[in-house]
Amino acid sequence: SDAICNFVICNDSSLRSQPIIFNPDFFVEKLRHEKPEVFTELVVSNITRLIDLPGAELAQLMGEEDPKLPGANSTASGFFRSLMSLKRKEKGVVFGSPLTEEGIAQVSQLIEYLHKNLRAEGLFRVPGNSIRQQILKDALNSGTDIDLDSGEFHSNDVATLLKMFLGELPEPLLTHKHFHAHLKIADLTLFDEKGNKTSTPDKERQIEALQLLFLILPAPNRSLLKLLLDLLYQTAKKQDKNKMSAHNLALMFAPHILWPRNVTANDLQENITKLNNGVTFMIKHSQKLFKAPVYIRECARLHYLGSRAHTSKDDLDLLTSSGSKELQPLKSQKRSRLDSCHQEETQQRTEEALKELFLHVHNMPDSAKKKKLIRQFNKHPTALTPGSDVPTSPAPRRTRSRSFSGLIKRKVLGTPVILERKSRDTTPEPVRVSKENVQLLQKCGSPAHMSQAKLKSLEGQKEGSCRRMRARLLSKDSSSL
C-alpha cells in the first residue's frame, strides 16, 4: 500500500488497453527513498511553520537526540510499569519484535477478518477468550496458515489480539520521536478577529500537520497505521450496531499507538485528554491524513523535473499567484481573439444567407410581392444588403403629370408657385439688418415676419436717401466756392 509505483509489462494484447494506474505521490515517494535527508528537511521545515517546536523537541523529531518522555526520570516503579516491561522481554517472530513487513503481513489477516465482522457489540472493548487468543497468537508467530472464517475464533478474540500486538511493540506505532509534536498539534486552535487564541480547534491546520508528520514515519509504521485507522474509521461508521464511537475507540487504542512505553496514566495526567482527543481526530479524518499536501508534491516534482525547488507552502503560493497574474492578460487576449473570430464568422454566414435570399427574390417573376420584398431589402443598411453584388434594374423615374389641370395651374400661377414650394422645402438664409433700419423694423414688425422683397425695398430706399444727401452736400460746396 505504500509502494512507490507499480509498472507491469505484459505482452498480452487483451490487457494493453487497460488504464495505467499512476500514484500521484510518485515523486514524493521517490524523493523519500532516494534522498531521505532532503525529504526530511523539506517536511520538517513545513511542520515548524505550523507548530512551535523548541530546539530540544525539534532535535528529537529529527532524530538528533534521544526523546525525553514523561515518566523517564521518575524513581517510582509502579506495578503496571514493571508488568509491561516483563511482557516485552519475551520476543517472538511477530509479537514483541520490532515492526517488519513480515509482521504486517501476518497482522493484516486480523484486520481483514475484522472488516467483515464490524457489527459485534462492544468490539475492541469486550475481551475475548484467552485460550483461543493464545492459539491464534502462536499460529501467527510460527507463520502457519490460519482460516479465521472457519468459525473457530470469535471477532472479540481477533480484536483483543490486535490490541495485544500493538501494545507489545518495542515503541508505539506513532514512535517516541513524534510524541511532543502530537501534543502541539492538539493545541492548534483558531484565532479571533483581534488575533487572540480561541478554544475552537483549527481542523485544517491539524490535518495539514498530521499529513506532514505521517510522511516522516518509518515506512512499516505508516503502512500499518493506515490499515489500522481505516479499520477504526469503518468501525465508528457502524456505531449504531457495535456501540463503539470514534472517541470510545480512541480510549482503547491511544495507550497502544501513542502513549510512550513504560508510562502510566499518572505520568500523562496533564496530557491524557489531549492524547485521547488526538487519536479521536485521527480516526474521524483518517481518509485525508495519508495524502501528501499539494505543495509537497509540487516541490518533489520540481526537484526532479524543474530547475528550481520551493521549500515551503508560502513559496508555492507566491509562484502560483504570480503565474496567474501573468496568465490573465494572455487569457483575455485569447478570449478577445476568439470573440472577434466568432463575430466575423457569424457576420459572414449572415451575409451569405442574405445574398441567397436576395437572388431568390430577384429571380421571382414581376409582381407586387416582389416589389414589396425589394423595398424591404432597400431599407436595410448597405453592410447587410447584398444589392451591390447583384445587378438590379434601376427603378423607373416617376414622370410628372401632364394633365390639363396641371398645365392650367402652371400657366396661371407661373413661378410664384414654384418659389413658394422652394421656400417651404429650404430654410431661408439669415438677412443682415443694419442699425439704421432698426426703427423701420420695429415699425414694420420682426424680421421673421418680413419677406425678402420688403427688406430689399428698404435697402433700396436707404441707398436713394444716401445719394440725395451726397448731391445736396456737393451743391453746397460748389455754391460756397
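If ILE257 satisfies every condition in (1) in contact with a Pro (Cβ under 6 Å, 6 or more places away or on another chain); (2) free of Cβ contacts under 8 Å to residues at least 12 places away in the same chain but one, which is the exception?
(2)
Evaluate region 233-244: report whether one residue or more is hydroxyl-bearing (Ser, Thr, Tyr) and modelled with pLDDT of 95 or more.
From region 233-244, those hydroxyl-bearing (Ser, Thr, Tyr) are 233, 235; that's our starting set.
Those left that are additionally modelled with pLDDT of 95 or more: 233, 235.
Yes, the conditions are met somewhere in region 233-244.
Which residue pairs have Cβ atoms closer than 6 Å, lie 6 or more positions apart in sequence or on different chains, and pair a first residue in region 346-367 that is of a type outside the set (Val, Ile, Thr) with a second residue that is at pLDDT 75 or above?
What qualifies is MET364/LYS370.
Quick one: count up the residues across region 138-170 that are outside any helix (DSSP H, G or I) and of a type outside the set (Asp, Glu).
8
What about ARG261, is it open to solvent by less than 90 Å² (accessible area, probe 1.4 Å), touching a Phe, Trp or Tyr at 6+ places or on another chain (Cβ under 8 Å) and modelled with pLDDT of 75 or more?
no
Of the residues LYS237, LYS226, which is under 21 Å from ASN276 (Cβ atoms), over 29 Å from the mean Cα position of the chain (by Cα), of a type in the set (D, E, K, R) and open to solvent by 60 Å² or more (accessible area, probe 1.4 Å)?
Numbers: LYS226 fails: over 29 Å from the mean Cα position of the chain (by Cα).
LYS237 is the lone residue from the list that is under 21 Å from ASN276 (Cβ atoms), over 29 Å from the mean Cα position of the chain (by Cα), of a type in the set (D, E, K, R) and open to solvent by 60 Å² or more (accessible area, probe 1.4 Å).
May I ask you to say which residue of ARG132, ARG119 is touching a residue at least 60 places away in the same chain (Cβ under 8 Å) and farther than 24 Å from ARG261 by Cβ?
ARG119
The values are calculated or read from the model by the stated rules, or taken from the named source; none is laboratory data. This structure is a prediction, so every number in the text was calculated from the model and none was measured. So basically every Cβ, Gly included, is an ideal-geometry build from the backbone, and we count neighbours across all protein chains shown. Accessible surface is based on the protein model in full, side chains and every heavy atom, while ligands, DNA and RNA are left aside. Shrake-Rupley method; radii C 1.70, N 1.55, O 1.52, S 1.80 Å.
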